[in-house]
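Since the structure comes first, as C-alpha cells, the remarks are kept for the end.
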Amino acid sequence: MPLHLLPQSRRRFLQTTLASGTTLLAARMVGAEKSEPSREWWALLSDTHIAADPAAIARGVNMFDNLNRVIDQVLAEPSPPAGVIINGDCAYLNGLAADYATLSKALQRLADAGLSVHMNMGNHDDRGPFYGAFEQQQPERPLVEGKHVSILESKFANVFLVDSLQHVNQVTGELGPSQLDWLTKALDAHNTKPAIVIGHHNLQFRPAESQERVSGLLDSQQFIDALHARPHVQAYVFGHTHNWSVRQTDQQLHLINLPPCAYVFNESRPNGWVRAEIGENELKLELRALDPKHVEHGQQKELQYKLAAVN
Ligand SMILES: [Zn+2]
C-alpha cells in the first residue's frame, strides 16, 4: 500500500499502539462475542481549503481551525483508522506552495500518530506545488502521466483515487481519456474484491447542445458507464459541492457526496468528515458534523454492495 504521508516517528507510532492496546483488545472481544469480523475504518475528509495564513477566514469559517478540530476527532477515536483520505480542494483557491506548507503543519499530527494520509487533487489544487510540499505523495513513476492517482488496498475492498483537476482554480473537472483508460484496466485487473472509486468532482449530465456551465465532471457519462459496466464497483465518493448526501444510481452504484471540512455553500448543510467502515458486504458511513447539534450529526448509512459482487 502506498503510504502517502509516512509516519515521521516509528517510536511514537509504537507508543500510540501500546497506549491504545487495552481498548483495542476489549473491542475485539466484544466483536468476537457477536461473531462479527474485525472492521477497519477510514477517515474521509474533503474540501479542507487551507490557505497560507492559518488565521484566514472564508464564509465565516476558519479553515485551519476546522481541519484541526477534525484531526482532533480522528485521533480521539478508540481505534486508529486504516488511513486518512482528503478528497481534493486541499488548498484554499490556487494551490499555492504556501497553502500546502500550512496544510502540512496540520497533517503532521496525523503522521506523528503513525497514520497514512492520502490526498486527491481538486480544482483548487496544483500538482507541482503540492508535490513540492508533500514529496512522499509523488510516485517515482506515475500510473497516469500528469495525474495524481493511486490504488489503496483495504481488507475487503480496493480504493481507487482518481484525479479530476483540469485547470487550477477553474470549476470544471475532467478525468480525460488516458486516465479513464488506466482506470478501466486497473478496475478489471482488481475485480476479485469490491472497488470504491474516490475523486473530487461530482457527476454532471447534460445534453451535448446545452449551454449550461459544467461545474462537475466533463466526462461524467464515460466515467459512469465504465463504473456501471463493472459490477464489483460499489461506490463513487466525491466532494466539490460542499453538500453531504448519499444516493444511488439506477444501477445500484452508491454516490457519496462528502461534507466539506471547511465552509458550506448553504448554511443549513453540515461540515465535518465521514467515518467509513469498509466491510465485506457493505459500507458503513457515519457523518461527524463539526456542529454536534446539527440534525445530521451522527447520521449512519449502511450501504449494501451489489449482490453480483458478493462471492
Ligand atoms: Zn471545495
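Count of the range 230-246 residues, restricted to those that are out of contact with any helix residue (DSSP H, G or I) (no Cβ under 8 Å at 6 or more places or on another chain) and touching a residue at least 40 places away in the same chain (Cβ under 8 Å), is 8.
Is there a residue in the range 149-157 that is modelled with pLDDT under 95 and part of a strand (DSSP E or B)? Yes, the range 149-157 contains a residue that is modelled with pLDDT under 95 and part of a strand (DSSP E or B).
Of the candidates Glu296, Glu277, the single residue that is surrounded by fewer than 22 Cβ atoms within 10 Å (Cβ to Cβ), assigned to a strand (DSSP E or B) and touching a strand residue (DSSP E or B) at 6+ places or on another chain (Cβ under 7 Å) is Glu277. Determine whether the range 70-81 contains at least one residue that is within 16 Å of the ligand (Cβ to nearest atom), surrounded by fewer than 23 Cβ atoms within 10 Å (Cβ to Cβ), among the charged types (D, E, K, R) and at pLDDT 95 or above. No; the residues of the range 70-81 include none that is within 16 Å of the ligand (Cβ to nearest atom), surrounded by fewer than 23 Cβ atoms within 10 Å (Cβ to Cβ), among the charged types (D, E, K, R) and at pLDDT 95 or above. For the range 37-52, the tally of residues that are loosely packed, with under 13 Cβ neighbours inside 10 Å and either at pLDDT 50 or above or small (Gly, Ala, Ser) (or both) stands at 1.
If I go through the range 167-203 residue by residue, how many of them are in a loop (DSSP other than H, G, I, E, B), polar (S, T, N, Q) and crowded, with 19+ Cβ neighbours inside 10 Å? Qualifying residue count, the range 167-203: 1.
Looking at Pro259, Pro207, Pro231, can you tell me which residue is part of a loop (DSSP other than H, G, I, E, B) and at pLDDT below 95?
After applying the criteria, what remains is Pro207.
The values are calculated or read from the model by the stated rules, or taken from the named source; none is laboratory data. On a predicted model such as this, the values are computed, not experimentally measured, just so you know. We place every Cβ from the backbone using ideal geometry, glycine too, and count neighbours over all the protein chains shown.
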